[in-house]
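Shown next, in structure tokens, is the structure this report addresses.
The values are calculated or read from the model by the stated rules, or taken from the named source; none is laboratory data. Since this is a predicted model, take the numbers as computed values, not measurements. Please note: Cβ atoms are built from the backbone with ideal geometry, for glycine as well, and neighbour counts cover all protein chains shown.
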Amino acid sequence: MRKKIVAGNWKMNKSLEEALSLTSEVVNMVRDEVRGDVEVVLCTPYIYLPVLQKYVQEVDRISLGAQNCHHKASGAFTGEISASMLSAIEVPYVIIGHSERRQYFGETDALIAQKVKIALENGLKPIFCCGELLEQRQNEDFIAIVKDQITAALFDLSAEDFGKVVIAYEPVWAIGTGLTASSAQAQEMHAALRAHVAEKFGAQVADDTTILYGGSCNEKNADELFACPDVDGGLIGGASLKSREFTNIIKSRM
Ligand code: PEP
């Protein structure tokens, strides 16, 4: 049975004080209100991760994630954070290949493949992001474009390593725009991506792969999106910055 996950991507938001109160509110609400087997991941700015670790340790089903890592093990890369550093502070997840990293930091499929590999070598679970641009959605081949992103970043992995990866389908036109994929559009893509994984790794691995939806998911549309058979949860940006709304989204995935 594949995992259900709701992950929050805080991006570069929240003061330290706000980060502490948001985390303790989410921890309390999840502990008191969320039943079932959904796993919650808070992907916060790097600098808050060690501070927040003790808050999330209170509840088994909440853990932390980073929003990126460097593709090399160590070296003269001023300002960067390595996968082994995240692993050393016991951060289990790392987002890799977010569209903002692709767009603003020039991350290519080849670089993202290296990041996935080094994250896995260090025991981290990558949340690998893929998704088409608006102009690509208007092209007949938009599903093939997203499949190609998966092929480039993940298909050189062994089946065992692939099994540790969470895929997040995030149509770029829906991220931070208030435009959401309809549940039919999300289901169509998720089913196609699962079939693509099955062709490479077999039906069992595909069936066990968690595929999250991301892109303006909020407390109003989460129920409908999460009801799709191939949508296993969400990667939530803006709506993860409000404890009540984020918890309501988590409850939609119970
Ligand atoms: C994201 O950045 O991963 C995201 C899904 O953002 P938002 O929910 O704000 O669209």
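Structure data summary
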{"read-out": "Sole residue being on the phi < 0 side of the Ramachandran plot, modelled with pLDDT of 95 or more and of a type outside the set (Gly, Ala, Ser), chosen from ILE175, ILE150", "value": "ILE150"}
{"read-out": "Which numbered condition HIS71 fails, given (1) farther than 23 Å from GLY131 by Cα; (2) in contact with a helix residue (DSSP H, G or I) (Cβ under 9 Å, 6 or more places away or on another chain); (3) assigned to a loop (DSSP other than H, G, I, E, B)", "value": "(1)"}
{"read-out": "Cβ-Cβ under 6 Å pairs, at least 6 apart or on other chains, the range 15-26 side of a type in the set (Ser, Thr, Tyr), far side surrounded by 15 or more Cβ atoms within 10 Å (Cβ to Cβ)", "value": "THR23/LEU52; THR23/TYR55; SER24/TYR55"}
{"read-out": "Residues located in the range 208-237, provided they are more than 11 Å from the ligand (Cβ to nearest atom), in a loop (DSSP other than H, G, I, E, B) and under 15 Å from the mean Cα position of the chain (by Cα)", "value": "THR209, THR210, VAL231, ASP232"}
{"read-out": "Out of GLY163, GLY215, GLY237, GLY131, sole residue that is out of contact with any helix residue (DSSP H, G or I) (no Cβ under 9 Å at 6 or more places or on another chain) and either free of Cβ contacts under 8 Å to residues at least 40 places away in the same chain or under 24 Å from LEU111 (Cα atoms) (or both)", "value": "GLY237"}
{"read-out": "Residue check for GLY123: under 25 Å from ARG61 (Cα atoms), of a type in the set (Gly, Ala, Ser) and either more than 16 Å from the ligand (Cβ to nearest atom) or part of a loop (DSSP other than H, G, I, E, B) (or both)", "value": "yes"}
{"read-out": "Residue count, the range 170-185 (criterion: among the hydroxyl-bearing types (Ser, Thr, Tyr), surrounded by 14 or more Cβ atoms within 10 Å (Cβ to Cβ) and more than 10 Å from the ligand (Cβ to nearest atom))", "value": "1"}
{"read-out": "Cβ pairs under 7 Å, 6+ apart, first in the range 94-116 and under 17 Å from TYR169 (Cα atoms) and within 16 Å of the ligand (Cβ to nearest atom), second outside any helix (DSSP H, G or I) and of a type in the set (D, E, K, R)", "value": "GLY97/GLU107; SER99/GLU170; ARG101/GLU107"}
